[in-house]
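Scroll down for the structure; my scribbles are underneath it.
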Amino acid sequence: MVREVVLLGATGSIGTQTLDVVSRHRDRFRVKALSAGGSRVDLLAEQVREFSPEFVALPTAAAADALRAALGTDRPSIRVGPEASTELAGLDCDVVLNAITGAAGLRPTLETLARGTTLALANKESLVIGGRLVTSAAAPGQLVAVDSEHSAFAQALRAGRAEEVRRLILTASGGPFRGRTVDQLRDVTVDQALAHPNWSMGRVITINSSTLVNKGLELLEAHLLYDVALEDITVVVHPQSVVHSMVEYVDGSTIAQCSPPDMRLPIGLALAWPERLPDVAAPCSWAERTSWTFEPLDDETFPAVSLARTAGAAAGTAPAVYNAANEAAVDAFCEHRIGFLDITATVRRVLEEHLAAGADVPSEAGAAWVADAQLSIEAVLAADSWGRRRAEALTRKDP
Ligand code: NAD
Ligand code: MG
């Protein structure tokens, strides 16, 4: 059976690798629709010519005009506007792969789940900020992880029953600044933060890997996807990025998933889930001497994971604020308005303010924390936009 795929965020790192997997398995997948943010219209035009989707979505009329001009035909049908990706997520298809970056992925995620379509999720931010709103909208098996660590968990969880799981071991490469002290991080540059040792990814996730905010988001992602308590998820640094994560069972056995770093493997598995496609990526090589090392995370130098634990323990709108403050702080760092250490310092300050603001005290919309029991999409979006504004003000040195 050919699976019809709607791909959101087609021109990004995950989007292009998804199309690479599809192109080598044309007998299994057909691209029904593509969406993109509009910054690489030429690439999108090339993708349209190669995969002939019925629908394309772009956020602005200018981007749509540029695509139309590049294509020189009336096909495919182009949907335009801020909700155009959400519209594509609602199409009748077998799987939606959400590879949009950041909080903008939330509505497409919820729309896919509401339609009953399988969601292959790269956009971890939508799960983390939507929290229980997203997990409660998902039927068993409907949400399939694309993130390599979470794909590793899904694979290792096949080795036992849910009640036999003792803990999850989430591996982290440690990023480009592993082993440094706080003093050695003060003056690192944007280019240094963008030089990830093992993975080539989009800008935001690459910076997030250098601050370990990506691991904080992944901690919350694992907690929500597999319903394991935050204190039963251990983060361990594994610089080679070959062991993608592990599950420890009650008898003392640990099951790991290993492969050289290549996102096409978890992408292929998510598209074909629960089946495996042949020869998606190179396996581990045993012909030369190799070592895989593990070390504890330095929480004092890289506080992003412990801040995520605080946000996750509070739940409700706290994870949305953690993510929003980070997205704004990453922009400020890339625009040279703040230093590297200010990214997590800003996240901490904004999160603390959010958790301290009582819901009964009238204040700016989204400023006050809302608990899981009262959570709504409006509350999440208000917290997201407050967190962004507050972080933005702090990085512009407003009080
Ligand atoms: P990227 O920046 O390379 O690509 C993002 C894509 O989303 C682009 O096509 C962009 O045009 C599109 N986009 C942005 N805003 C949009 C909007 N409002 N509407 C429609 N499209 C929009 O990012 P990436 O590295 O591919 O990451 C995508 C997601 O996958 C992120 O959530 C990231 O955390 C996650 N992820 C990425 C990797 C990786 O290896 N790159 C690994 C695991 C998880
Ligand atoms: Mg990951």
Matching option when the condition is more than 25 Å from VAL237 (Cα to Cα), modelled with pLDDT of 95 or more and more than 10 Å from ligand 1 (Cβ to nearest atom), among ARG161, ARG75, ARG166: ARG161
Residue satisfying condition, being outside the structural domain of MET263 (by TED's automatic domain parsing) and over 21 Å from the mean Cα position of the chain (by Cα), within set LEU58, LEU71: LEU71
Residue list for region 372-399, filter: open to solvent by less than 30 Å² (accessible area, probe 1.4 Å), touching a Leu at 6+ places or on another chain (Cβ under 9 Å) and not hydrophobic (A, V, I, L, M, F, W, C): ASP384, GLY387
Residue check, GLY160 open to solvent by 10 Å² or more (accessible area, probe 1.4 Å), assigned by TED's automatic domain parsing to the domain that holds VAL22 and more than 16 Å from ligand 2 (Cβ to nearest atom): no
Exclusive hit being among the small types (Gly, Ala, Ser), within 30 Å of THR16 (Cβ to Cβ) and modelled with pLDDT of 95 or more, set SER259, SER291: SER259
In region 192-211, residue nearest to ligand 2 (Cβ to nearest atom) [restricted to those that are over 18 Å from the mean Cα position of the chain (by Cα) and either modelled with pLDDT under 95 or within 20 Å of PRO260 (Cα to Cα) (or both)]: PRO197
Residue identified as part of a loop (DSSP other than H, G, I, E, B) and crowded, with 17+ Cβ neighbours inside 10 Å among PRO278, PRO239, PRO274, PRO260: PRO239
Within region 212-233, considering residues that are in contact with a Leu (Cβ under 8 Å, 6 or more places away or on another chain) and in a loop (DSSP other than H, G, I, E, B), the one farthest from ligand 2 (Cβ to nearest atom): VAL228
Only one of ALA63, ALA36 that is open to solvent by less than 40 Å² (accessible area, probe 1.4 Å), more than 30 Å from ARG309 (Cβ to Cβ), under 17 Å from the mean Cα position of the chain (by Cα) and within 11 Å of ligand 1 (Cβ to nearest atom): ALA36
Only listed residue being within 15 Å of ligand 1 (Cβ to nearest atom), out of contact with any helix residue (DSSP H, G or I) (no Cβ under 7 Å at 6 or more places or on another chain) and not assigned by TED's automatic domain parsing to the domain that holds ARG132, chosen from ASN198, ASN208, ASN214: ASN198
From the options ASP42, ASP27, ASP74, residue that is without any contact (Cβ under 8 Å) to a residue 60 or more places away in the chain, open to solvent by 80 Å² or more (accessible area, probe 1.4 Å) and outside any loop (DSSP other than H, G, I, E, B): ASP42
So ARG132, is it open to solvent by 20 Å² or more (accessible area, probe 1.4 Å), in contact with a helix residue (DSSP H, G or I) (Cβ under 9 Å, 6 or more places away or on another chain) and not small (Gly, Ala, Ser): yes
Test: residue in region 309-317 that is of a type outside the set (Lys, Arg), within 16 Å of ASN214 (Cα to Cα) and open to solvent by less than 60 Å² (accessible area, probe 1.4 Å): yes
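The values are calculated or read from the model by the stated rules, or taken from the named source; none is laboratory data. Note that the structure is predicted; figures quoted are calculated from it, not measured. So basically every Cβ, Gly included, is an ideal-geometry build from the backbone, and we count neighbours across all protein chains shown. Ligands, DNA and RNA are excluded from the accessible area calculation, which covers all protein heavy atoms including side chains. Shrake-Rupley method; radii C 1.70, N 1.55, O 1.52, S 1.80 Å.
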